[in-house]
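Right, one structure below, let's go through it.
The values are calculated or read from the model by the stated rules, or taken from the named source; none is laboratory data. Just so it is clear, the model here is predicted, and its values are computed rather than measured. Note that each Cβ is placed from the backbone with ideal geometry, even for glycine, and that neighbours are counted across all protein chains shown. For accessibility, only protein heavy atoms count, side chains too; no ligands or nucleic acids. Shrake-Rupley method; radii C 1.70, N 1.55, O 1.52, S 1.80 Å.
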Amino acid sequence: MASLSDVRSGSAARSFCRRAGAFFLNPRNLYMLGFLLVFALTFAEAARGRHRNFMIFAESTRLFWQQIVPYGESWTAAAPGLDYFLYGPLFNVLFAPFAYLPGLVGPFAWNLFNFTMWFAAIFTLPGRFTREEKCKSFLYTFLILACTQLSFQYNVAVGYMFLFAYSLLERDKGFWAVLLIMISGFTKIYGIFQLGLLVCYPRFWRNMGYALLIAAVLLLLPALGTSFERLPEWYGEWIGALVSHKDTRTWQNVFYLPAPFGLLAWRMQVQLGVLAALAVGLFARWRQWHDEYFRIGALACLMGYVILFSNSSETHTYVISLIGYLMWYWTMRRAGALVMADKVLFWAIFVVVVVMPVDVLCPPAVMKVFYSVKLNLWLLLAMWSRMVWSTFVRIPGK
């Protein structure tokens, strides 16, 4: 029989868990905690001059406004010691407010702005997602978000543009949604694929008209820093940098999985083939376009595709596919063995993909064992396959 002290101890533990749960399921608390942690991480890196991606962004922007192409030989000569710059000319136009901030103000403004937008993108998702689900999505992705921001990456911005565009489309704000999609596409390609989901929404032709108009403006906007005559050269250099960069190292995508058929040698064929299959699945399910659960699943599959089948994915880019996965996870109906199977996959991905890359949480020796067999990629491929199956093979819903 339990003693009185045991009962009191158990009651105190339950009370503590309830208070902790209430704290972490409060958006205001999460924002303040996340803001302080991102501030601390930014200070730790920037104070030691380790904000190298920000340096790349800032230097490429300064070169842009000096009418020097920030790609190829021009970049190597003007920015020795810095890694490649791989973003479109539009990026330099938009990044100018951060590039010209004094001292370390720029890195702090960049990271804290992106953190705030990421937070806002999650917590302004349509009412279909509960406050608890939004809090859990933020918490699930926060470690990989922190790693991304520790490197001052642009992936956070790509991720929140996917989410904002989705939320705006759901609210019939087509112009602003398309604007974000086009900005994402003209800076890092990934987001442009979201245009395919416009078929699922009313006023398709109106939205496509917006896309054409906005594309024309954004395509010509970099002429502010160069000239209309030189724009084709700049875009050609950008495409050349993207094409050559894919062969410079080993990346974290499906093409580097151990496979008997050598997927890397067939990369473009696989990319186009999978994209075509997704398009076929989308149009085959035209009767479900009006179903919000189908649209969520299609978006999640797309966000997974642009990372898993990309030319040059890194572990930091997983933040994009994971937030799409969480949107799918909260909405899809499950029954029988799938309930447990999805929970196991959910936590396996969290441990291997989110926690293990953080060396202060996972011993490097353990990490090396798991990553030597590409377990992270196998899990992400299983995640993506599961989403594709539930979205395009069986009718989704809840």
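Structure summary
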| item | result |
| --- | --- |
| Test: GLY324 is open to solvent by less than 30 Å² (accessible area, probe 1.4 Å), of a type in the set (Gly, Ala, Ser) and either in contact with a Ser or Thr (Cβ under 8 Å, 6 or more places away or on another chain) or at pLDDT 95 or above (or both) | yes |
| Residue match in region 327-340 (condition: crowded, with 17+ Cβ neighbours inside 10 Å, polar (S, T, N, Q) and either assigned to a helix (DSSP H, G or I) or touching a strand residue (DSSP E or B) at 6+ places or on another chain (Cβ under 6 Å) (or both)) | yes |
| Criterion (within 24 Å of THR42 (Cβ to Cβ) and at pLDDT 95 or above) met by exactly one of VAL156, VAL178, VAL217 | VAL156 |
| Segments classed as helices (runs of 4 or more DSSP H), wholly inside region 146-222, with at least 3 members that are open to solvent by less than 40 Å² (accessible area, probe 1.4 Å) and within 30 Å of ARG50 (Cβ to Cβ) | 155-170, 174-188 |
| Candidate set from region 281-306 (those that are under 14 Å from TYR166 (Cβ atoms) and of a type in the set (D, E, K, R)); member that is most open to solvent (accessible area, probe 1.4 Å) | GLU292 |
| Filtered residue count, region 227-276, keeping only those that are at pLDDT 85 or above, of a type in the set (A, V, I, L, M), closer than 30 Å to GLU73 by Cα and surrounded by 11 or more Cβ atoms within 10 Å (Cβ to Cβ) | 4 |
| Tally of residues being surrounded by fewer than 19 Cβ atoms within 10 Å (Cβ to Cβ), touching a residue at least 24 places away in the same chain (Cβ under 8 Å) and of a type in the set (A, V, I, L, M, F, W, C) across region 56-69 | 1 |
| Single residue of region 356-398 satisfying the filter (outside any helix (DSSP H, G or I) and open to solvent by 70 Å² or more (accessible area, probe 1.4 Å)) that is nearest to ALA341 (Cα to Cα) | LYS398 |
| Contacts under 6 angstrom Cβ, first residue in region 298-324 being free of Cβ contacts under 8 Å to residues at least 12 places away in the same chain and closer than 15 Å to VAL354 by Cα, partner among the small types (Gly, Ala, Ser) and surrounded by 24 or more Cβ atoms within 10 Å (Cβ to Cβ), 6 or more apart | none |
| Given (1) modelled with pLDDT of 90 or more; (2) under 23 Å from the mean Cα position of the chain (by Cα), index of the condition HIS290 fails | (2) |
| Failed criterion for TYR31 (all others in (1) at pLDDT below 95; (2) under 21 Å from LEU112 (Cβ atoms) hold) | (1) |
| Pairs with Cβ under 9 Å, 6+ apart, first in region 39-55 and within 16 Å of TYR154 (Cα to Cα), second crowded, with 20+ Cβ neighbours inside 10 Å and β-branched (Val, Ile, Thr) | HIS51/THR42 |
